[in-house]
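As structure tokens, the structure follows; a few thoughts come after it.
Bear in mind that the values in this text are calculations on the coordinates, not laboratory data. Quick caveat: nothing in here was measured; it's all calculated off a predicted structure. Every residue, glycine among them, receives a Cβ derived from its backbone with ideal geometry; neighbour counts consider all protein chains shown.
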Ligand code: RRO
């Protein structure tokens, strides 16, 4: 049984925020979902102080080894989340981690005030890395800003604070060090990589927003390198994610320093991916399900 920031978990596989709608799944699968939930903890979609409708479509674009999203953080806002979603999420058979994002220290503080005191909430993930919101907030990109945010938030709660790092900086380890100095309990990485695409026929941008964040197997080696760098820089427990599709993929993240792993984009293709990855991981080393597509003979 892995232990993470004092929380006992049945296995090391959780979901990446925003990639698995547990409430929609409950409506489809009913209580069968609760009897066999795919993750050992559930991370909510990121919430903001006020409701947001997200970006205009087109918001998703598939790529050969993943997808680009420009979802733009649609959510019910803090009040809507507390009134409508939290009571249902509390029925899940696993600890709940709530992901939050503000555009200032004051907004983050408001979110923590509303959420941290709720007994249903085991931990809070601070999303300082969404690639799709033009907030002017550089908190996750500059170590000094990350430190200042944590110094403002740390006194507000004793619950574990997890900082979700952006991969879109030259030195993610420097941001992780600042998070640790500010009193973060853990770090999760990576969020999506800034990416773009155009329709080759019309020449129009593939996404209405013009750009988005790339996820899926394409980003996995980048995520592994950033995880390795962060693991060398801080003592904190790490949640590793980025293109995990199998137990073998998850084992790579654990080998390079992750305490927990998160399945994200793969859950869109296979909603049972979390259970499958956990079972493959528990079964010991798993041969890669993907043969080499490019020559590796030299
Ligand atoms: O909602 C999104 O567009 C989004 C978020 Br909050 C995030 O953290 N990462 C991402 O790729 N998309």
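Mind grabbing the base-10 log of I(q)/I(0) for region 43-118 at q = 0.11, 0.12, 0.19 Å⁻¹? Debye formula, identical points on the C-alpha positions, no solvent, two decimal places. These q points yield log10 I(q)/I(0) values of -0.34, -0.41, -0.85. With the convex hull drawn over the C-alpha atoms of region 3-295, the volume per residue is 136 Å³. The stretch between residue 62 and residue 10 holds 15.4 nm of extra length on full extension. This uses 0.36 nm per residue minus the Cα-Cα distance. Taking the chain as a Gaussian network of alpha-carbon nodes connected by springs under 10 Å, the highest mean-square fluctuation of the residues 209, 195, 170 belongs to 170.
Volume per residue for region 1-92 equals 140 cubic angstrom (convex hull of Cα atoms). Of the peptides 100-107, 8-15, the ranking by mean beta-carbon count within 10 Å, highest at the top, reads 8-15, 100-107. Here the gap between residue 103 and residue 50, fully extended at 0.36 nm per residue and compared with their Cα-Cα distance, gives a gain of 18.0 nm. Over the chain, dividing the summed -39,500 (n - 2.57) contributions of all DSSP H runs of at least 4 residues by the number of residues returns a 222 nm mean residue ellipticity of -8000 deg cm²/dmol.
Computed from Cα atoms alone, the Kirkwood hydrodynamic radius reported for region 115-185 is 12.5 Å. Taking only the Cα atoms of region 176-268, how large is their convex hull per residue, in Å³? Cα-based convex hull of region 176-268, divided per residue, equals 116 Å³.
Each label point was placed 7 Å from the Cα along the Cα-to-Cβ direction; for residue 202 and residue 148 their separation is 4.2 nm. Short-range pairs are left out: with C-alpha atoms under 8 Å and at least six residues apart, the relative contact order of the chain is 19 percent. Across all Cα atoms of region 142-298, the radius of gyration (one decimal) and Dmax (whole number) stand at 17.5, 55 Å.
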